[in-house]
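Undergrad: First the structure, then my questions, so here it is.
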Amino acid sequence: MAAEQVQQASAPGFASFSPELRPDDPVCAYWLGQVTLRLRREVAWIWHERGLGAQPRPDALPPAGDAALESLDLSRYHQLKQHFFETDETGRFLSDRIAASPPVLPDKPERGSFGWVVGELGLDDSSAFVLALALIPAYDSACGSVIGACLNIARPALPELALAQRLWDAPEATLGLLDPGHPLYRVGLLHRDRAEGAAGVAVDWRQPLLVPARVARLLVDPAAPLSADLRAIGPTTSGNGNGFAGAVAAGDRLRSSQAPELRLIPVFGPRGADFEGAAAAVARAADRPVVCYTGPSELLHSPHAVAEIATACWLRGVDLFVDCDAAAVLADPRAPRPAPLSAVEGVPVCLFLAAGGRADLAGLKRRFKLPAIEITPLSFEQRRRLWAERLAPVSDDLGRAIDDCAHRFRFEPTTVAAVCRTVVARDNRPSADELRRACRAELSLDLGELAEPIRPRFSRDELVLPHAQALQIEEIAQAMASIARVHHEWGTERAWDGAGLSVLFTGPPGTGKTMAAEVLANALELPLYRIELSQVVNKYIGETEKNLKRVFDAAEQGDIILFFDEADALFGKRTQVRDAHDRYANLEISYLLSRMEKAKGLMILASNRKADLDEAFFRRLRYIVNFPIPSAEDRRLIWRLCIPQEVDADEVDVDFLADTFPLSGGHIRSATFNAMLQSAARDNGRARRLHHSDVLVAVWRELRKADRSVGSDSFGRYAALVRELEAPGGQQ
């Protein structure tokens, strides 16, 4: 075929596959042209070698041949192949084009371009050719069929290292690409997808060579924008007068670090902290731009995906910030192998990893870590100032509400901004109540199965207690209402570390401990969470402390009530150490003591067995409220409160019940409910009347449940009814 025909060929498979491909980067254009020319020359040789036509046809694809014979021919006909390239008109024309001198690398190629990569990594010609061969499928959609034909595969295919060796005039020069430490692999420009049936070696000849899509785009067009899931981070205002501890040191270290490998900067702070602002502060100190990954965190489970993102950032010369959720995926010690970060250890890019605490990033390799950034939580004054600034256009009537929100909700800058956007979008002139409701809605506690939210049902008037205990409940409510003001305005915050209140409710079952917690939640307008000890306590060493940390960390966000029912199971006494179990059990108690002392909000411990609690807890308790069995007068009031006003209870002898049976409030409530169920069944729903006989039966059953022996004589004039129940064949 004449040379002119070769240039004008347009058969299927070559429609856009042409040596005239011209990216803006001349180096990229040259090497992509080298790939197209060598593939055309290989196609011409295949036609000739297989005897499929009188003339070689580089404008059409040959059918697949015998793979075994072709494998033998690769070595047997190497010299004949070179002779063909020198003597055949088509082969000689293509060889002359291939021999054209490469362009001279510019002094300052645009960063991220193909030419910049060649100079930055010091690639030899064979390596540059392999990179272009791997790149061309992302650039030309027609090349898959051509590559398949050259590999003797009757379908489109990705290039392989074996194909690079066949196309390159000095096959031995491609041996360096077998090294898994080759720069093209190290910086993530080439991904190695193991071929079907390939042996378990790091690199082999039949592994497909692939340049990731977002990397290919930047190599071909360095001016192209980064992908949509990488957002530039500009200067931000943290609202924190203390700044970001360690930002300058990390910036200096980053600027001076010349190691051609990954660098990690952990950023620790409370929920809602300005993590992006911390990364921006380091970037300013190091004079480096930074972008934030905004894509799905699940994508980062894939090492290939992580490598693609990191390599794109390296090409563009930017560092990468990942938020807490994404960082947790990258640093998860339980992640499948290979771990996501293992794919980017050779990429010279800096990753900022946000986390709530050091334990969240404990799995990172120390070799790559730079000094961590600590974000200091906002103080009360800083929170108040931030609220006032954000609500300045609408804050004329919100002064007291702003102070209250700054007291009760320990939000960080991003959370404050989110709440302000919400209330302003809903109402241009939000009220104080709307602001407080928005804050409570933002106070989302991610406790999973560790805690159960409780909707408070009872008011102060429904809680029946002796005067001394009732006074203590009032004092707890008043103390909790004023503790923030005392801390922040009276100056006790530093000495007490801004701690909240811890109280103990103790007494027999049913005496009102849980009810008192609900009464306090209603009075203080605070969310109430019952801690599920069955979920918190874990038999595996260290897991109980992790669960407790989640609980206490959640309480740091704002004032809430944590209710530990049956607290003696968790706050029990430390014991003499006889074995490892005792030692770790004591560690759990010690951890609880330390967290309890600085816990925010209101923490209520309830226990029927005060003597089983460790004595060290008592010093940390602000109040201890003993709930006794109610007196006869209190029982009379409880009986009346337990019977709804809609129910006719005229025949119920409340005085007799209160004077005769020393029941707790819980037993009275249970007996009343059981009696109403029976009375409703007796009247078939026609009347809402509570019968005294049903109440007596319910009381008798409550006494039996509590294993309390009460003879029929205790029922006085109603003894005959009880004897009927006790008689053989009576109602049981």
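Undergrad: Order the peptides 130-138, 412-420 from the highest to the lowest mean number of other Cβ atoms within 10 Å of their residues.
TA: Working: 130-138: 24.8, 412-420: 20.1.
The peptides rank, most packed first, as 130-138, 412-420.
Undergrad: Please work out the ratio of the alpha-carbon Rg of region 298-378 to 2.2 N^0.38 Å and round it to two decimals. Walk me through the numbers on the way to the answer.
TA: Numbers: Rg = 12.5 Å, N = 81, 2.2 N^0.38 = 11.7 Å.
Rounded to two decimals, the normalised Rg is 1.07.
Undergrad: Sticking with this structure for a sec: More than 21 Å apart: what percent of Cα pairs in region 347-434 qualify? Present the calculation step by step, with values, prior to reporting the outcome.
TA: Details: 1763 of 3828 pairs.
More than 21 Å apart: 46 percent of the Cα pairs in region 347-434.
Undergrad: Given Cβ point charges of +1 (Lys, Arg) and -1 (Asp, Glu) and nothing else, what value in debye, to the nearest 20, does the dipole of region 275-385 about its Cα centre take?
TA: Roughly 320 debye for region 275-385.
Undergrad: Right, next: Per residue, what accessible area does region 352-406 have, given a 1.4 Å probe and all protein chains present, in Å²? Show your work: numbers first, answer last.
TA: On the way: 2830 Å² over 55 residues.
Normalised by residue count, the accessible surface of region 352-406 is 52 Å².
Undergrad: Any chance you could run the full-extension gain for HIS78 through ASP461? It's 0.36 nm times the residue separation minus the Cα-Cα distance, nm to one decimal. Working shown, then result.
TA: Values: separation 383, 0.36 × 383 = 137.88 nm, distance 9.97 nm.
Extending this stretch completely gives an extra 127.9 nm.
Undergrad: Among residues other than CYS150 whose Cβ falls under 9 Å from its Cβ, what is the net charge (Lys/Arg +1, Asp/Glu -1)?
TA: Values: positive: ARG166; negative: GLU42.
Net of charged neighbours comes to 0.
Undergrad: Right, another one. From the phi of every residue in region 181-189, what ³J(HN,Hα) in whole Hz does the Karplus formula 6.51 cos²θ - 1.76 cosθ + 1.60 yield, where θ is phi - 60° and glycine or proline is x?
TA: x, 4, x, 5, 7, 4, 8, x, 6
Undergrad: For region 432-558, just run the numbers: alpha carbon Rg, then divide by 2.2 N^0.38 Å, N being how many residues it has. Intermediate values should be presented prior to the final figure.
TA: On the way: Rg = 16.4 Å, N = 127, 2.2 N^0.38 = 13.9 Å.
Normalised Cα radius of gyration, region 432-558: 1.19.
Undergrad: Related question: Provide the convex hull volume over Cα atoms per residue for region 385-448, in Å³.
TA: 82
Undergrad: For every other residue with a beta carbon closer than 12 angstrom to the beta carbon of ASP403, add +1 if it is Lys or Arg and -1 if Asp or Glu, then tell me the sum.
TA: On the way: positive: ARG383, ARG384, ARG385, ARG400, ARG408, ARG436, ARG485; negative: GLU381, ASP404, GLU489.
My count for the surroundings of ASP403 gives +4.
Undergrad: So, one more: Report the extension gain between ALA99 and GLU724 in nm, rounded to one decimal, defined as 0.36 nm multiplied by the number of residues separating them, less their alpha carbon distance.
TA: Net length gain for the segment: 213.6 nm.
Undergrad: Which FRET efficiency value, to the nearest 0.05, do you get for GLU566 and ARG385 by plugging their Cβ-Cβ distance into 1/(1 + (r/R0)^6) with R0 = 41 Å?
TA: Numbers: r = 43 Å, r/R0 = 1.05.
About 0.45, to the nearest 0.05.
Undergrad: Sticking with this one: Can you give the FRET efficiency to the nearest 0.05 for PHE673 and LYS549, using r as the Cβ-Cβ distance and R₀ = 45 Å?
TA: Numbers: r = 39 Å, r/R0 = 0.87.
That gives a FRET efficiency of 0.70.
Undergrad: Local charge sum around ALA173 (other residues, Cβ-Cβ under 14 Å, Lys/Arg +1, Asp/Glu -1)? Write down the numbers at each step before the final one.
TA: Working: positive: ARG38, ARG166; negative: ASP124, ASP125, ASP169, GLU172, ASP179.
That works out to -3.
Undergrad: Skip the ligands, DNA and RNA, and give the accessible area per residue of region 408-515 with a 1.4 Å probe, whole Å². Show your work: numbers first, answer last.
TA: Values: 5550 Å² over 108 residues.
So region 408-515 comes to 51 Å² accessible per residue, rounded to a whole number.
Undergrad: So how much slack lies between ALA479 and ARG708, counting 0.36 nm per residue of separation and subtracting their Cα-Cα distance, in nm?
TA: On the way: separation 229, 0.36 × 229 = 82.44 nm, distance 3.95 nm.
Gain on extension, ALA479 to ARG708, equals 78.5 nm.
Undergrad: Could the peptides 488-494, 27-33 be put in order, highest first, of the mean number of other beta-carbon atoms found within 10 Å of their residues? Provide the component values of the computation, followed by the final result.
TA: On the way: 488-494: 12.7, 27-33: 22.7.
Averaged packing, sorted descending, gives the order 27-33, 488-494.
Undergrad: Kindly report the accessible area of region 239-308 per residue (heavy atoms of protein chains, probe 1.4 Å, no ligands, DNA or RNA), in Å². Intermediate results must be reported in sequence, preceding the final value.
TA: Working: 2740 Å² over 70 residues.
That works out to 39 Å² per residue.
Undergrad: Compute the distance in nm between two label points, each set 7 Å from the Cα along the Cα-to-Cβ direction, one at GLU172 and one at VAL248.
TA: 5.8
Undergrad: Then there's this: If only Cα atoms are counted, what is the Rg of region 434-485, and what is its Dmax, in Å?
TA: Cα-based Rg and Dmax for region 434-485 come out at 15.2, 39 Å.
Undergrad: Give or take rounding to whole Å, what are the principal axis extents of the alpha carbon atoms in region 631-709, in descending order?
TA: Taking max minus min along each principal axis of the Cα atoms, region 631-709 gives 34, 24, 17 Å.
Undergrad: Which one, LEU445, LEU504, LEU548, projects farthest toward the positive side of the charge dipole computed for region 409-562 from Cβ point charges (K/R +1, D/E -1)?
TA: So the residue furthest toward the plus end is LEU445.
Undergrad: Quick one: if the Förster radius is 35 Å, what FRET efficiency do THR376 and ALA441 give, using the C-beta to C-beta distance and rounding to 0.05? Before the final figure, lay out each step's value.
TA: Working: r = 26 Å, r/R0 = 0.75.
E(calc), rounded to 0.05, equals 0.85.
Undergrad: Placing +1 at every Lys and Arg Cβ and -1 at every Asp and Glu Cβ, with all other atoms neutral, what dipole size does region 411-491 have around its Cα centre, in debye to the nearest 20?
TA: With only Lys, Arg, Asp and Glu charged at Cβ, the dipole is about 320 debye.
Undergrad: Let me ask something else. When the accessible area of region 303-431 is split by element with a 1.4 Å probe, what percent falls to carbon and sulfur? Working shown, then result.
TA: Values: 2760 of 5510 Å².
Here it works out to 50 percent.
Undergrad: Using the per-residue mean of other Cβ atoms lying within 10 Å as a proxy for protection, in what order, highest first, do the peptides 208-216, 168-176 fall?
TA: Numbers: 208-216: 20.9, 168-176: 14.1.
Ranking, from highest mean packing down: 208-216, 168-176.
The values are calculated or read from the model by the stated rules, or taken from the named source; none is laboratory data. Computed from a predicted model, the values in this text were never measured in an experiment. Don't worry about glycine lacking a Cβ; one is built from the backbone with ideal geometry, like all the others, and counts go over all protein chains shown. Only protein heavy atoms, including side chains, enter the accessible area calculation; ligands, DNA and RNA are left aside. Shrake-Rupley method; radii C 1.70, N 1.55, O 1.52, S 1.80 Å.
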